[in-house]
Every structure is written in C-alpha cells, then in structure tokens.
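The values are calculated or read from the model by the stated rules, or taken from the named source; none is laboratory data. These numbers were taken from a predicted model, which means no experiment stands behind them. All Cβ positions, even for glycine, are placed from backbone atoms using ideal geometry, and neighbour counts span all protein chains on display. Each accessible area value is taken on the protein alone, full model and side chains, heavy atoms only, with ligands, DNA and RNA left out. Shrake-Rupley method; radii C 1.70, N 1.55, O 1.52, S 1.80 Å.
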Amino acid sequence: MPLAAVRTYDTKIDMKKRITLRNSKYEYYHVQEFEDGRIMLEPRELVVPPEISQSTLAMMDSAMLNLKNDKVSEPVDLKEAEQ
C-alpha cells in the first residue's frame with residue numbers, strides 16, 4: 001500500500017524554470033525526472049568528507065617522488081587475477 005502524502009500543493013515553474021518548495025526541511029534534494037512527467041525529490045544532507053591524515057599525505061608525496069625518480073617495481077600481471 002503506497003504511503004499517504006503528508007502535504008500536497010500546486011506550484012508553478014517560474015521564468016527561469018524553477019519551482020519553489022514551501023516550508024522545506026532540507027536545503028538540498030536529489031531530483032529524478034520520469035518519462036511520464038513525475039518528478040521525485042529526495043532530501044540530501046551534504047557532509048564534510050573525512051580529512052586525509054598527515055601520514056597518508058606524506059606517504060603519497062613519497063610515492064610520487066619515487067615515481068619521478070624511477071624507483072618503481074616491475075609491472076604486475078593482472079591476467080592471473082581475472083581467473
């Protein structure tokens with residue numbers, strides 16, 4: 001059984017092809033448009049990505065320096081991993 005709508009209202013697209021959401025709880029939404037004209041909005045909460053540690057950044061710098069100085073291993077054969 002489909003969920004009942006909590007709130008319904010009509011809105012109009014403005015001159016810049018925008019729709020106003022009244023009393024919205026969220027600032028960001030994921031939008032899905034369907035061929036039959038339906039539009040589904042799902043709320044999104046943007047979060048700050050986790051910070052990369054200083055030791056990881058140092059290891060990345062070291063790896064890039066090794067690459068520039070041709071201190072690299074032999075190529076890895078990935079054909080074995082395909083099986």
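Taking R0 as 25 Å, what FRET efficiency do you get between I13 and E51 from their Cβ-Cβ distance, rounded to the nearest 0.05?
0.05
What is the percent carbon and sulfur in the accessible area of region 1-71, measuring with a 1.4 Å probe over the protein chains and ignoring ligands?
Ligands and nucleic acids excluded, carbon and sulfur reach 56 percent.
Under a 5 Å amide H to amide H cut-off, with H placed in plane at 1.01 Å, what residues pair with Y29 once short-range neighbours are removed?
Excluding prolines and chain starts, which carry no amide H, the hits are R44.
Under a GNM of the chain (C-alpha, springs under 10 Å), which listed residue has the highest mean-square fluctuation: L65, L41, L21?
Result: L65 has the largest fluctuation of those listed.
Name all residues of region 28-42 having a backbone nitrogen under 18 Å from the label point set 7 Å from the Cα of T20 along its Cα→Cβ direction, giving them as ranges.
Counting backbone N atoms under 18 Å from the label point, the list is 28.
Helix 54-68: angle to the longest alpha-carbon principal axis of the chain, degrees 0 to 90, nearest 10?
Compared with the principal axis, the helix lies near 60 degrees.
In sequence order, what are the phi-derived ³J(HN,Hα) couplings for region 36-45 according to the Karplus relation 6.51 cos²θ - 1.76 cosθ + 1.60 with θ = phi - 60°, rounded to whole Hz, with x for glycine and proline?
7, x, 5, 10, 10, 10, 10, x, 10, 10
In percent, how large is the relative contact order of the chain, given Cα pairs closer than 8 Å and 6 or more residues apart?
14 percent
Accessible area per residue, 1.4 Å probe, Å², for the chain: what's the number?
109 Å²
Given springs between every Cα pair under 10 Å in a Gaussian network model of the chain, which of M59, M40, M15 has the largest fluctuation?
Result: M15 has the largest fluctuation of those listed.
From the phi angles alone, apply the Karplus equation (6.51, -1.76, 1.60; θ = phi - 60°) to region 71-79 and give each ³J(HN,Hα) in whole Hz, x where the residue is Gly or Pro.
Taking θ as phi minus 60°, the curve returns 9, 10, 7, 5, x, 8, 7, 8, 5 Hz for region 71-79.
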